[in-house]
1. Cβ under 15 Å from L471's Cβ, L471 left aside: what net charge do those residues give with Lys, Arg +1 and Asp, Glu -1?
2. Tell me the label-point distance for the pair D467, V218, using the 7 Å Cα-to-Cβ offset, in nm and rounded to one decimal.
3. If you add up the charges near S303, with Lys and Arg at +1 and Asp and Glu at -1, over every other residue whose beta carbon is less than 15 angstrom from its beta carbon, what do you get?
4. Can you tell me which of 465-471, 72-78, 435-441 comes out highest on packing, and rank the rest after it, using the mean Cβ neighbours within 10 Å?
5. Rounded if a/c is under 1.5, else prolate if a/b beats b/c, else oblate: with a ≥ b ≥ c from the C-alpha gyration tensor eigenvalues square-rooted, which is segment 89-193?
6. With +1 assigned to the C-beta of every Lys and Arg and -1 to the C-beta of every Asp and Glu, and no other charges, what is the dipole magnitude of the chain about the Cα centre in debye, to the nearest 20?
7. For the peptides 39-45, 321-327, what is the packing order when you average, over each peptide's residues, the other Cβ atoms within 10 Å and list the highest mean first?
8. Measuring from label point to label point, each 7 Å out along Cα→Cβ, what is the R51 to D94 span in nm?
Amino acid sequence: MVSRVIPVQPFDLVVFGGTGDLAQRKIMPGLYRRFHDGQMPPTSRVIATGRREMDSDAYRALVAQALAQHLPPELRDAASEHAFLQRLSYQPLDVSGAAGWTELAPRLNDDRVRAFYFSVAPTLFPGLAAQLHRHGLVSAHSRIVIEKPFGHDLDSARALNATLAQHFDEGQIYRIDHYLGKETVQNLMAVRFANILFEPLWNAEFVDHVQITVAESVGVAGRGRYYDAAGAMRDMVQNHLMQLLCLIAMEPPHRFDADAVRDEKLKVIRALDAVAPQDLVRGQYRAAGAMAGYSEDAETLRSDTESYVALKVGLSNWRWKGTPFYLRTGKRLCARSSEIAVTFKEPPHSIFGESEKWRENVLVIRLQPNEGITLGVMIKEPGPGGMRLVNVPLDMSFAEALGEDGRDMPDAYERLIMDVIRGNQTLFMRGDEVEAAWAWTDPVIAAWRAQGGAPQPYDAGSAGPDDALALMLRDGRRWREISG
Ligand code: NAD
């Protein structure tokens, strides 16, 4: 299969925070890959800014190191890297002060798409939006890319939306949730809305329950200060897991366009029930084997911040009333694995008799590792000996099914940056969506605060706290195994 790369128009991209971790690890390697594939036109320009004093040559050397570190060897190509680095320049600039701004303006081209990537601390977002205006840098073709976290509760998200709205139209604001840029996440929409097969069964009558798991094997070391103020509910559930839930639960949009898709996602968030206290488990990892515990990783003596959340939530609408959605996410779990599992109900009657061990059909959408889709189907066990049944996976790994193209699928960030340049907001969160997500999250957090109590400890490298297991067992169900 030959991948189709449609070049975007030449653009100017200004990356605020160009020396930071995200820029070096994701943004620059991602841009290089789009350049190498011919999607980023060679006349485009990337202007990185940061507080550090250096010239453009020193910045190119920094990015060259980042490419060496973060690109797989098979994607490296000296000539292409050299040409890409020539597209980069650097401007020392203080986002909240005066330095550097007057030098930035003349570097931008008037009639091109102009994207400003806010890859700086969230506290700087409002001031940065105002500075762009103050210095006359916002043209008709301008857009801004906002990193997460977008607020830490409803009030702060509203305030940030209001500030951004003073300077930009909603159509110019790209709130990144990189989960939405993953191939499988988009495939979720393709599987649901491009096949007749699933949609008639995609409701409470046929779906027993849905499990959404985002398990990480890493701990919080290195970003403990940020994490300890946030916790798993704010860092993962309010955004990434919520977005996955929306794509699973939403009604078919009338068209695949940004507002049609986001209107349907918003309706899902608004239909979410409140989470009952007994339907929520908070956990925190403790030292086990050679692995440090949360306090050591987060460099706090004692903290009530959760590094794990499991919860059950229902949706009050016609499609889903009665089907529970189980969500879980955590740090320092036994594997890095993200998946959505849709478990269908058993057939109403077994013609094969009671003795047959029945297994439900489960559709598993794997986000990582090894993106792909598996459907468990019952078949006859081969060989003589009567009609014995066995559940086997219809298994599709995108990398295998798509051959070379699958192995070289764009990373979420590179895809999303190209969408920004194209002006396609479908995979970005709209302001009202973010606010609705916080409006659902805030009471959950307030309820456990009011209740008090510490998160339940779980061993680093385990599958999470015991209470999370009990949360599903109580309903006669089980979490799927977390395996990488
Ligand atoms: P970082 O601390 O590594 O880098 C911050 C950057 O901001 C540096 O380039 C620094 O020079 C610049 N900066 C700081 N103060 C400045 C000022 N006053 N004026 C100009 N530049 C200034 O941070 P990061 O990890 O790269 O994160 C950047 C943003 O991306 C944050 O909003 C973060 O929440 C978000 N984010 C990061 C990751 C990640 O994996 N690193 C993941 C998701 C979201």
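1. +2
2. With each label placed 7 Å out from Cα toward Cβ, I get 2.7 nm.
3. On the way: positive: R223, R225, R234, R282, R286, R302, K331, R332, R449; negative: D228, D235, E296, D297, E299, D304, E306.
Value of the local net charge: +2.
4. Working: 465-471: 17.9, 72-78: 10.3, 435-441: 21.7.
Taking the mean over residues of other Cβ atoms within 10 Å, the ranking is 435-441, 465-471, 72-78.
5. Working: a/c = 2.10, a/b = 1.52, b/c = 1.38.
It is prolate, given that a/c is not under 1.5 and a/b is the larger ratio.
6. Taking the Cα centre of the chain as origin, the dipole is about 120 debye.
7. Peptide ranking by packing, descending: 321-327, 39-45.
8. It works out to 1.0 nm between the two label points.
FYI, it's all coordinate maths here, none of it is from the lab. Bear in mind the structure is a predicted one, so any value in this text is a computation, not a measurement. Methodologically, a virtual Cβ is constructed for each residue, glycine included, from the backbone with ideal geometry; neighbour enumeration extends over all protein chains shown.
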